[in-house]
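Here is the structure we will look at.
The values are calculated or read from the model by the stated rules, or taken from the named source; none is laboratory data. Predicted model, so just to flag it, every value in this text is computed and none were measured. Every residue, glycine among them, receives a Cβ derived from its backbone with ideal geometry; neighbour counts consider all protein chains shown.
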Amino acid sequence: MVSLEKEYGFSRRMRMNPCKVLLRNTVMETPNIINPPEVNMTPKRGGFWKQLGMLVLGTTVSLVLTFGTAQLIEKGQRAKDRRLTALMVMSNIEAFAQQMDSLYAQMDEADSASTWLLSRPEEKLALLPSDQLLEIINKAFVQDLISYDKSAENIFSNTIDTWKNLGNFQFIDNVGKCFSTMRLVEEMWNGNLDDIKTTTEEAMKRNAESDDITDSKMAMLVNPSFRRLLQRQHFWRNWLRCSAEELRYLNRQNMAAIGIDEQEMLDFLRVRQQEIDAGVEPPDDAALNVPRPDSRSLTTYRKYDTIINGKE
């Protein structure tokens, strides 16, 4: 058996108290607190500039995304506003053309009535009952005015710089022609109604001494100025149709320039008209036919009856 002294170098003393000997022979290194070991704080080559560049890049991307998104939203809103303005303008033009369609339908009947009156001999017309003759004369003339809503033109005028900036000059020119045509139609048609009113009143004044309605109407029918009015009815009928077609021709060019379908414009106009008419009752003209009050119910004025009748 190999002894512990030879194998491991243990002495008799270690064998008796090995822990004490181990502690005595163990060297404990005390850390140097006053002079700690140096740590290399120098960044790696290019690390600082790389981090700074990433920070700047991240900030730039964030700003671009923020302001770029805001500009895209604003640009999209401006495009929607321009499209809405274009729809309002084009639907306004179509609404005016529809007014002329309605007048054309009335003028078609007026043209037939005036042509019949001009083509019949006076002695034959005199055979008609007065009420029937008056009815035919009334059908020969249309009294409805044309009203031009200038709100769409004002809105377009306020945004015309925007359309110029877009370079859409064809749209600007066509819309301007439409507005000019609408103003001219309103002026000419309503002026024609004024001429009819003035000429008719003058013709009736010349024959005011006649008590016979048929005689007075016949005298008006042979009046040269009044007959010229009847002859012009055919011109006004055709003029309304041509003006409406010209407006729609220009308006279709507007739609092509903006990229709006005609059906979309008509749907927009129909919705606008429904919104205007929704919940609005037409005026009741029954009040015009209310009879006068009974004189006996005028209690406020009874005191004057005592004066004019000599009663106390």
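Here are some notes:
- Test result for Gln98, of a type outside the set (Gly, Ala, Ser) and farther than 16 Å from Ala244 by Cβ: no
Results for (1) among the β-branched types (Val, Ile, Thr); (2) at pLDDT below 90, shown as yes or no for each residue.
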position	(1), (2)
Gln233	no, no
Trp239	no, no
Gln253	no, no
Val271	yes, yes
Pro293	no, yes
Gly310	no, yes
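- Condition check for Ser119: at pLDDT 85 or above, over 26 Å from the mean Cα position of the chain (by Cα), loosely packed, with under 13 Cβ neighbours inside 10 Å and small (Gly, Ala, Ser): yes
- Residue selected from region 122-143 under the condition of a type in the set (A, V, I, L, M) and in a loop (DSSP other than H, G, I, E, B), by the criterion surrounded by the fewest Cβ atoms within 10 Å (Cβ to Cβ): Leu127
- Hits in region 144-154 - residues which are part of a helix (DSSP H, G or I) and farther than 16 Å from Asn174 by Cα: Ser151
- Qualifying residue in region 197-205 (condition: at pLDDT below 80, exposed (fewer than 13 other Cβ atoms within 10 Å of the Cβ) and part of a helix (DSSP H, G or I)): yes
- Selection count, region 155-191, where residues are of a type in the set (S, T, N, Q), modelled with pLDDT of 85 or more and loosely packed, with under 13 Cβ neighbours inside 10 Å: 1
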